[in-house]
Amino acid sequence: MQFNRTWGILLFFVISTANGATPVSEETLPLAGVQSTPESDAVRLERILQEADALMKAGNPAAAYDLLEPLAFERAGEIRYDYLLGIAALDSGKPDKATLAFERVLAMDANFAGARLDMARAYYQLGDMVRAKIEFEIVLNQNPPEAAKLTIQKYLDNIAAHESVQQMHVSGYLEGVLGQDSNVNNSTSQSQIPVPFFNNAIFTLAPSNLKTADNYAGLAAGATVSQQIQPTLAIFAGADLRQRGNSTQNRFNSISLDGRAGMSWSRDKNSLNVALAGGQYTLANSRNRDSLGVNASWNHAFSPTDQMSVFGQYMQYRFVDTAMKINDFNQSTLGAGWQHGLADGRSVLFGSVYLGREQDIAAVTLTNPTGGRADGGKNIQGIRIGAQMGLSERMELFGNIGRQWGQYGKLNIAFLRLRSDRLDDVSLGLNFHWDKLWTVRPQLSLSRNHSNIPINQYDRSDFSVTLRRDFY
């Protein structure tokens, strides 16, 4: 940023006049061979100051500094010399040298606003925003000319932006939930299943594999820390912990821990988020599976009310129990979404479509001669639409509906079929904010999985009430 030195130069010449300086003419120059006198030294200094000033106006502050610097031993402490030396140093990229010169000026004249303003500029160039801000505010309180006020305000705005960039932001939440789930284990309600591989012999499923209802209670907590490192770039890390305990069906109690760390970039109407993600899932007090991967999303705002997003994810899921490792898989997903804000400013419509692939990766073994899962890999297609409507300043109604198709790639030996599923789900709820940080959310979720293999067919309803406390 270039500084308009009109005010400083004006003060410079006022001081020059006050010190009794007069323009140099040829008649005042010392003659060759004449012994130097105090007056001729003053004339020589005046000539050098004028030459340095001319070089500054010609846009050559480095040459002006080289001309002035050798005189520092004998002239340091003279206001005119120190001020011109300071601005020559500042404009030639030597802010550290400039501060020394301006300090001497202000020691002699603390009210020299032009020197204080350039001192502030020097601190700014050095990155010392604290002292730069102090000096700028001192000058601003001295009621400078309008041009100087505008320049000072630009510097102060930049300092404020720099301070906000350096700030760390921490947010978090704590939730408690009570609910009733009609199918805590996502299982079929059909207790007897014909199995084609055994000539349609009827098999009776164990109780743990049948639809089971229960009441439950849960806790959840999470936090995210973000650090802005540039105006357009931030880094972040966060984690979420969720626990759910059933009243009687303890073998389906669960704990999940998920973490993430990444960067977010935003500029104009675009933003990009990329993060590493990992998690651990515990079932009935035993570690069940781990996950690790990466996800990314790009958002573009077409208008204040319309925004498009493109998202992708790649995750690896690994089961801990040796007997379960046959179910290990890698999952990749790619999708796009749209969000539209309504005229009331509180309501939005949204929708998304996505494609995915689950790659079964279990190795060939004696007990699994074909490798992979029993149903093989899985191709996924999905769609979801929803809305949130602001009923009042404190209340929002929300709902969404989705459908996902899954086609598997390996003939299921027991049922002699390529498995095909269709999962339908719908949710409806209400957010009530009794103040800025507290929310009560009653919610009903319904789902049904249709499958051509009967043991994978199920339906489920879940009603819950959540109390949430946010932290900013």
Item to check | Percentage, to the nearest whole number, of Cα pairs in region 73-220 over 19 Å apart | outcome: 69
Checklist entry - Could you state the principal axis extents of the C-alpha atoms in the chain, from the largest down, to the nearest angstrom? => result 128, 55, 39
Item to check | For peptides 326-334, 286-294, sequence by mean Cβ density within 10 Å, most packed first | outcome: 326-334, 286-294
Item to check | 21 Å tail of the calculated P(r), region 357-472, as % of Cα pairs | outcome: 56
Checklist entry - Kirkwood Rh, region 259-335, all Cα pairs: how many Å? => result 14.5
Checklist outcome for this item: Cα-based Rg/(2.2 N^0.38 Å) for region 184-269, rounded to two decimals, is 1.90
Checklist outcome for this item: Quick calc of log₁₀ I(q)/I(0), region 173-327, Debye, one scatterer on every Cα, no solvent, q values 0.09, 0.14, 0.21 1/Å, result -0.49, -0.93, -1.29
Checklist entry - According to the Kirkwood expression over distinct Cα-Cα pairs, how big is the hydrodynamic radius of region 245-392, in Å? => result 18.3
Checklist entry - In units of 2.2 N^0.38 Å, what is the alpha-carbon radius of gyration of region 93-163? => result 1.03
Checklist outcome for this item: Between the residues Met315, Ile453, Ala363, the Cα farthest towards the positive end of the dipole of region 169-471, that dipole coming from +1 and -1 charges on the beta-carbon of Lys, Arg, Asp and Glu, is from Ala363
Checklist outcome for this item: Surpassing 21 Å at the alpha-carbon level, of the pairs Lys57/Lys94; Lys154/Lys269; Lys133/Lys269, are Lys154/Lys269; Lys133/Lys269
Next on the checklist: Show log10 I(q)/I(0) for region 116-196 at q = 0.18 Å⁻¹, two decimals, from a solvent-free Debye sum over equal Cα scatterers.
Outcome noted: -0.81
Next on the checklist: Between region 145-192 and region 420-461, how far is it from one alpha carbon centroid to the other, in angstrom?
Outcome noted: 26
Checklist entry - Which of rounded, prolate, oblate describes region 37-113, given a ≥ b ≥ c as roots of the alpha-carbon gyration tensor eigenvalues and a/c under 1.5 marking rounded, otherwise prolate only if a/b is larger than b/c? => result oblate
Checklist entry - Suppose R0 equals 25 Å; then what is the FRET efficiency for Leu272 and Asp128 from their Cβ-Cβ distance, rounded to the nearest 0.05? => result 0.15
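Quick note: the coordinates plus some simple rules give every number you see, no bench work behind them. Just so it is clear, the model here is predicted, and its values are computed rather than measured. Heads up, the Cβs are rebuilt from the backbone with ideal geometry, glycines too, and the neighbour counts pull from every protein chain shown.
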